[in-house]
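> Below: one structure in structure tokens.
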Amino acid sequence: GDEPQQTKLRRKDMDLEMQSEVLQWAFKVPAIDHEDRAALAVLDAILTAGDSSRLQRRFIDSGWAVSASGWLPPFQHEALYEFAVTMREGRSAEAAIAILRAELEDLRSRAVGEAELDRARAQLLADQWEQLLSNSGRAGFIGFYEVAWGDWKHGLDFLEQLRSVTAEDVLRVAQTWFVEERSSMVVGHPK
């Protein structure tokens, strides 16, 4: 699309029929066949995969939120990486913004440690291999990459790319794509 480049954070506050405050914060990310894709998948895993992921520790374990997730869309066109946080009752979505802001700043300013990187890569690869163990999973894997990339063998290439993502790659994609000036958020407040 040739829409003009966004230069500042867009924010919309809404009153909603719900018990607690919610935050949705979206960042533009490239299509699935982009060269940054594997590093973005690893970055997503660092943030969201498993009990030791950053969002789990910062939001759930710390008692700020009842749920916190990130979603890397598997699309053929530029799309939005979306964070979604549902706060505990009485906790402000402003806190979620501050926590996410600090987390993203950390990812943009210093390389992730080797242990955390290894864990994220291992989790991603395990998820992919687990899918390949069942017939329906294999069919889904082949069908997905055939449609998204035009050749299912790209799926196998992608597994190799995941394996070789470095801390520097993660740092670079955090700096490139998680730019607050090009992001949009919706903050929901209980009526």
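> Among the lysines in the chain, how many pairs, 8 or more places apart or on different chains, have alpha carbons under 29 Å apart? Show your work: numbers first, answer last.
Working: Lys8/Lys28; Lys8/Lys191; Lys12/Lys28; Lys12/Lys191; Lys28/Lys153.
Going through the chain pair by pair, I get 5.
> Next question, about the same structure. For the stretch 19-83, calculate the relative contact order in percent as a whole number, restricting contacts to Cα pairs under 8 Å that are 6 or more residues apart.
Details: 81 pairs, mean separation 28.0, N = 65.
Computed value for the stretch 19-83: 43 percent relative contact order.
> With the cut-off at 1.5 for a/c, could you classify the stretch 14-56 from its C-alpha gyration tensor as rounded, prolate or oblate? Working shown, then result.
Working: a/c = 4.59, a/b = 1.62, b/c = 2.83.
Oblate, since a/c reaches 1.5 and b/c is not below a/b.
> Place +1 on the Cβ of every Lys and Arg and -1 on the Cβ of every Asp and Glu in the chain, take the dipole about the Cα centre, and give the residue among Val22, Thr7, Gln161 whose Cα lies farthest towards its positive end.
Selected residue: Val22.
> Using a 10 Å cut-off on Cβ atoms, rank the peptides 110-120, 128-138 from the highest mean neighbour count down.
Working: 110-120: 15.2, 128-138: 11.9.
Highest mean packing first, the order is 110-120, 128-138.
> Pairs of alpha-carbon atoms within less than 8 angstrom and 6+ residues apart define the contacts here; what relative contact order does the chain have, in percent?
Numbers: 315 pairs, mean separation 79.7, N = 191.
Once normalised by length, the contact order is 42 percent.
> Grab the DSSP H runs of the chain that are 4 residues or longer, score each as -39,500 (n - 2.57), total them, divide by all residues and round the 222 nm result to the nearest 500 deg cm²/dmol.
Working: 6 runs with 86 residues, N = 191.
Roughly -14500 deg cm²/dmol at 222 nm, from the helical runs in the chain.
> Another question about this same structure. Roughly what angle does helix 135-149 make with the longest principal axis of the chain, taking Cα atoms, 0 to 90 degrees, to the nearest 10?
80
> Placing unit charges on C-beta atoms (Lys and Arg positive, Asp and Glu negative, everything else neutral), compute the dipole magnitude of the chain about its Cα centre in debye, rounded to 20. Kindly include the intermediate steps, with their values, before the conclusion.
On the way: 22 positive and 32 negative charges, 79 e Å.
Roughly 380 debye, rounded to the nearest 20.
> If I fit a long axis through the Cα atoms of helix 114-133 and take the longest principal axis of the Cα atoms of the chain, what angle between them do I get, 0 to 90°, rounded to 10?
Long axis of 114-133 versus the principal axis of the chain: about 60 degrees.
Bear in mind that the values in this text are calculations on the coordinates, not laboratory data. Keep in mind the model is a prediction, meaning the values are calculated, not measured. Glycine gets a Cβ as well: all are built from the backbone with ideal geometry, and neighbour counts include every protein chain shown.
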